[in-house]
Amino acid sequence: MDMSTNAVLRSEWIKIRSVRSVTYSLLAVFAVTLAVTVLATAIVGQAEAGNADYEPLFSAFYALSFGQIAAISFGATAISSEFVNGALRISLTAVPRRGLLYAAKVSVIGALALAVGLITSFATFLVGQMFMGEYAIGLGDTGALRAALGGGVYLALIALFAAGLTTLLRSAVAVLSTLIPFLLIVSFVVGDVAGDVAQYLPDQAGQLVLHQNPDGDLGPWTGLTVTAAWAALALVAGWSSLRTRDA
């Protein structure tokens with residue numbers, strides 16, 4: 001029998017909560033980002049602040065580059081559990097409407113990633129500045145509140161991007177083994193080779209919101225919109241795959 005939307009949302013929340021690897025990857029978004037923030041700012045924060053090219057706002061959110069790895073893991077593992085041991089067939093027996101099932105799953109993933117992302121982004125900024133002494137900035141400084149909000153949204157979008165790709169490929173391993181190296185290595189190589197084109201890549205576009213005065217053609221929110229477009233494209237591709245392929 002088909003289920004109501006609220007019931008499907010509750011069931012997806014229960015699924016995520018009951019799979020340890022998914023829960024741990026979500027908690028890791030906060031734990032990893034905050035740990036890197038504390039280590040970096042406590043050890044080299046004030047020393048780096050003396051450099052001529054130092055950007056206090058972007059440096060405050062440096063650790064989000066590590067938190068995004070956990071966000072990718074969360075988005076990928078939250079989806080991939082459906083493709084293990086025939087779980088998708090069981091889910092479709094309970095919820096025959098594939099569109100409802102997919103929308104509910106993506107909504108729960110996005111909501112959880114956004115909530116944890118916002119907490120992580122604000123905590124990272126506030127805790128990190130405790131170690132910066134005379135170089136500390138506050139949420140009232142130009143661009144700081146926007147960056148803290150945008151950082152949380154960025155983490156959620158990256159999680160949804162990974163979720164869409166995982167639905168398309170039906171494998172968390174495939175997504176993790178390609179997307180993480182791309183964001184950590186290939187994206188920067190492309191940036192060195194292609195110049196301004198790189199600002200339209202999902203990570204570099206989204207992280208423009210963390211800069212006080214971003215360079216290039218995109219502004220802070222425009223860059224985040226580009227990342228949202230990448231996430232939407234991945235989710236649509238995932239839906240196309242789920243809709244047409246056998247369970």
Count, please, the residues in segment 4-60 that happen to be within 20 Å of Gly151 (Cα to Cα), surrounded by fewer than 18 Cβ atoms within 10 Å (Cβ to Cβ) and among the β-branched types (Val, Ile, Thr). 1
Residues located in segment 211-231, provided they are within 21 Å of Arg170 (Cα to Cα) and open to solvent by less than 50 Å² (accessible area, probe 1.4 Å): Ala231
For segment 83-96, which residues satisfy the criterion of being open to solvent by 10 Å² or more (accessible area, probe 1.4 Å) and assigned to a helix (DSSP H, G or I)? Phe83, Ala87, Arg89, Ile90, Ser91, Leu92, Thr93, Ala94
Taking Ala162, is it in contact (Cβ under 8 Å) with a residue 40 or more places away in the chain, within 23 Å of Phe74 (Cβ to Cβ) and crowded, with 24+ Cβ neighbours inside 10 Å? yes
Looking only at segment 127-151, count every residue that is part of a loop (DSSP other than H, G, I, E, B), closer than 24 Å to Trp221 by Cα, of a type in the set (Gly, Ala, Ser) and open to solvent by less than 60 Å² (accessible area, probe 1.4 Å) and tell me the total. 2
Which pairs turn up if I take residues in segment 228-245 that are over 25 Å from Ala205 (Cβ atoms) and look for partners that are of a type in the set (Phe, Trp, Tyr) and crowded, with 18+ Cβ neighbours inside 10 Å with beta carbon separation below 6 Å, at least 6 apart in sequence or on another chain? Leu242/Tyr102
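Quick check on this structure: which one of Val44, Val29, Val22 is within 17 Å of the chain's Cα centre (by Cα), within 22 Å of His211 (Cβ to Cβ) and in a helix (DSSP H, G or I)?
Of the residues listed, the single one that is within 17 Å of the chain's Cα centre (by Cα), within 22 Å of His211 (Cβ to Cβ) and in a helix (DSSP H, G or I) is Val29.
The values are calculated or read from the model by the stated rules, or taken from the named source; none is laboratory data. Remember, it's a predicted structure, so these values are computed and weren't measured experimentally. Every residue, glycine as well, gets a Cβ built from its backbone with ideal geometry; the counts of neighbours run over all protein chains shown. We work out accessible area using only protein heavy atoms, side chains counted, and drop any ligands, DNA or RNA first. Shrake-Rupley method; radii C 1.70, N 1.55, O 1.52, S 1.80 Å.
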